[in-house]
Amino acid sequence: MTDDQQIPPPGTQVDLLVSADVLYTLTEDAPIVVNGEVAVNGNTIVYSGPAKGRGFWQPKKTLSGQGKAVMPGFVNCHSHAASALFRSQSDDGAGGQALYSVAFRSEKHISSEQWRDLALLGVVDMIRSGVTTINDIWYEPEGLAEAAETAGLRAQIALKVFDVKLEKLYANDYEWVAAEGEERLRRGVNFVEKCAASKSRLVTGRIGPHATDTCSPGLHVEAFAEANRLGVGLHTHVAQSRQEVEYCRSTYDKGPAEFLADLGVLSNRSVLAHLTFASDTDLDVITQSKARYAHCPTIYPRRGVYPDLQGIQDRRIVTGIATDWMMNDPFEAMRNAMNAVRLLSGLHDALTSLDAMKLATIGSARVMGIEDQVGSLAPGKRADLIQLDLQRPHLQPFYAEYSSLAYYARASDVVCSVIDGRLVLEGGCILGLDEPNILNRIKKHIPDWLAVLKHHGGVGVALGCGCG
């Protein structure tokens, strides 16, 4: 509770009262409140702090806090919710190169209907993992928007815009097709305009120039101009692979971020994912442009590399933690970040549990430009929060520290989720979606997907089909 919080009078009617044995507000002073509660009217938090006692509130609905912790929902500032079909395809072996050899070559063979089924699966995964907001860039944004609205997930969504033949990049062959890029940008713009016209409280649009090496200079410039005209942000992969950096240096004699800065297409509404191979000069121009950074710590160790997160934070680049694709557990992401930064720096306190929790909540909200709405449990903000079940062997004994969650909790501990004041996960069920039906639809696609993946060097077996 902040000192200037205006506490409503006793007997105040509220729509929802969420109690907690332990409340993590992650507000500026970041108190941990034992025996706390959050009171909600409509979609807005009206109180967050120590429990006021029986009879103080007159709630329409109450969520018991016995054996529960409450914290802000995770804000996932860089995601591909519909990318689950690539699970296990780039975790071993070629690592990051499988992005080019398997994923980019397979994506064009996935139908719109299949992308929509994958979007539904991704929304289920996000909500069950404690994510209440995503910043997503992928195919079929309309399907993801529909799934997010139905389930109650907050989302900023961009169509993946590019004008290169992605399927040829594995051979380092950059074939440009301007007309295709223009068509994708027009569709991306139309999606943003439809989101604005719908006046949705949950889903808004962004413009998504995919990466520095998959968009021509002209497409980057046009995408930036359209984003400015529409008053929305951009979402771009920057310095995510060695191939991308080598292409930018050999073609433009600049690093990826330098290239974008010289084009004049970086601003404080730009979300840049990865920066894995960014140089000091790249980071310096990002600092000057005030572009924001989405850090995805689960994916980097699998590829044997790690971005200079310490250098990025030293430059005060606005940073948030994200899941990227395939593994959407924010707790695992926080642990990967803390462990990597401490190992690289040799300092046990280089990134604390509180630091990581803030990066995954209010930090990511800042990256997306919505820190005034979500990211902490402060009165006046949207009621986006999660409950975690503390009665799990891996969480006991529970000492109510930041490390008690950041280092020991799991996505599967999330038992309740409230987004925009609406209960979306309760009693083990996502209230807006038919989860068993979604899983059955996904399973029916697997043999077809595996055939496509293996044709392009992927691996795996489709269970129940008897094939290898």
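One residue is enough: does the stretch 87-97 have a residue meeting the conditions among the charged types (D, E, K, R), open to solvent by 10 Å² or more (accessible area, probe 1.4 Å) and under 24 Å from residue 421 (Cβ atoms)? I'd like the intermediate steps shown before the answer.
Taking the stretch 87-97 and keeping what is among the charged types (D, E, K, R), we get 87, 91-92.
Cutting the leftovers down to open to solvent by 10 Å² or more (accessible area, probe 1.4 Å) gives us 87, 91-92.
Narrowing the set further to residues that are under 24 Å from residue 421 (Cβ atoms) leaves none.
No, every residue in the stretch 87-97 fails to be among the charged types (D, E, K, R), open to solvent by 10 Å² or more (accessible area, probe 1.4 Å) and under 24 Å from residue 421 (Cβ atoms).
Checked against the criterion of being in contact (Cβ under 8 Å) with a residue 12 or more places away in the chain, open to solvent by 50 Å² or more (accessible area, probe 1.4 Å), charged (D, E, K, R) and over 19 Å from residue 159 (Cα atoms), the stretch 231-251 contains one or more residues that satisfy it.
Taken over the stretch 451-464, residues that are free of Cβ contacts under 8 Å to residues at least 60 places away in the same chain and open to solvent by less than 20 Å² (accessible area, probe 1.4 Å) amount to 1.
Residues that are among the polar types (S, T, N, Q), closer than 27 Å to residue 252 by Cα and either free of Cβ contacts under 8 Å to residues at least 60 places away in the same chain or part of a helix (DSSP H, G or I) (or both) within the stretch 161-219 comprise 212, 214, 216, listed in sequence order. Taking the stretch 273-297 as the range and being open to solvent by less than 10 Å² (accessible area, probe 1.4 Å) and on the phi < 0 side of the Ramachandran plot as the test, the residues that pass are 273, 282, 283, 286, 291, 293, 294, 295, 296, 297.
Any chance the stretch 119-128 includes a residue that's under 19 Å from the mean Cα position of the chain (by Cα), without any contact (Cβ under 8 Å) to a residue 60 or more places away in the chain and in a helix (DSSP H, G or I)? Yes, because at least one residue in the stretch 119-128 is under 19 Å from the mean Cα position of the chain (by Cα), without any contact (Cβ under 8 Å) to a residue 60 or more places away in the chain and in a helix (DSSP H, G or I). Being free of Cβ contacts under 8 Å to residues at least 40 places away in the same chain, surrounded by 20 or more Cβ atoms within 10 Å (Cβ to Cβ) and either under 22 Å from the mean Cα position of the chain (by Cα) or within 25 Å of residue 196 (Cα to Cα) (or both): is that true of residue 266 here? Judged against the criteria, residue 266 is a match.
Of all residues in the stretch 140-177, those that are over 16 Å from residue 195 (Cα atoms), in contact with a Leu (Cβ under 8 Å, 6 or more places away or on another chain) and not small (Gly, Ala, Ser) total 3. When the residues of the stretch 392-447 are narrowed to those that are part of a strand (DSSP E or B) and of a type in the set (Val, Ile, Thr), which ends up most open to solvent (accessible area, probe 1.4 Å)? Residue satisfying both the conditions and the ranking: 415. Of everything listed in (1) farther than 28 Å from residue 89 by Cα; (2) open to solvent by 20 Å² or more (accessible area, probe 1.4 Å); (3) among the charged types (D, E, K, R), the single unmet condition for residue 332 is (1). Within the stretch 14-33, at least one residue is more than 30 Å from residue 359 (Cβ to Cβ) and not acidic (Asp, Glu). Selection of the stretch 137-191 for residues being open to solvent by 60 Å² or more (accessible area, probe 1.4 Å) and within 18 Å of residue 238 (Cα to Cα) yields 170, 172. Note on the stretch 348-371: residues that are of a type in the set (Val, Ile, Thr), closer than 20 Å to residue 300 by Cβ and in a helix (DSSP H, G or I) amount to 1. Looking only at residues of the stretch 58-79 that are crowded, with 23+ Cβ neighbours inside 10 Å and not small (Gly, Ala, Ser), we find that the one that is farthest from residue 324 (Cα to Cα) is 70. Which numbered condition in (1) open to solvent by 50 Å² or more (accessible area, probe 1.4 Å); (2) within 25 Å of the chain's Cα centre (by Cα) is the only one that residue 226 fails? Only one criterion is unmet by residue 226, namely (1). A residue that is under 30 Å from residue 305 (Cβ atoms), surrounded by 20 or more Cβ atoms within 10 Å (Cβ to Cβ) and free of Cβ contacts under 8 Å to residues at least 40 places away in the same chain occurs somewhere in the stretch 102-109.
Would you say residue 193 is charged (D, E, K, R) and under 22 Å from residue 106 (Cα atoms)? For residue 193, the condition - charged (D, E, K, R) and under 22 Å from residue 106 (Cα atoms) - is not met. Residue 55 fulfils the conditions (1) at pLDDT 95 or above; (2) surrounded by fewer than 20 Cβ atoms within 10 Å (Cβ to Cβ); (3) in a loop (DSSP other than H, G, I, E, B) except for a single criterion, (1).
For the stretch 203-223, give me the residue count where each residue is open to solvent by 20 Å² or more (accessible area, probe 1.4 Å) and more than 21 Å from residue 178 (Cβ to Cβ).
Step one: list which residues in the stretch 203-223 are open to solvent by 20 Å² or more (accessible area, probe 1.4 Å), which gives 204, 216-218, 221-222.
Imposing the further condition that a residue be more than 21 Å from residue 178 (Cβ to Cβ) reduces the set to 204.
Total meeting the criteria: 1.
Hey, does the stretch 6-23 have a residue that's on the phi < 0 side of the Ramachandran plot, surrounded by fewer than 18 Cβ atoms within 10 Å (Cβ to Cβ), in a loop (DSSP other than H, G, I, E, B) and without any contact (Cβ under 8 Å) to a residue 24 or more places away in the chain? Yes, the conditions are met somewhere in the stretch 6-23.
The values are calculated or read from the model by the stated rules, or taken from the named source; none is laboratory data. Worth saying up front: this structure is predicted, and the values here are computed from it rather than measured. Ideal geometry is used to build each Cβ from the backbone, glycine not excepted, and the neighbour counts take in all protein chains shown. Ligands, DNA and RNA are excluded from the accessible area calculation, which covers all protein heavy atoms including side chains. Shrake-Rupley method; radii C 1.70, N 1.55, O 1.52, S 1.80 Å.
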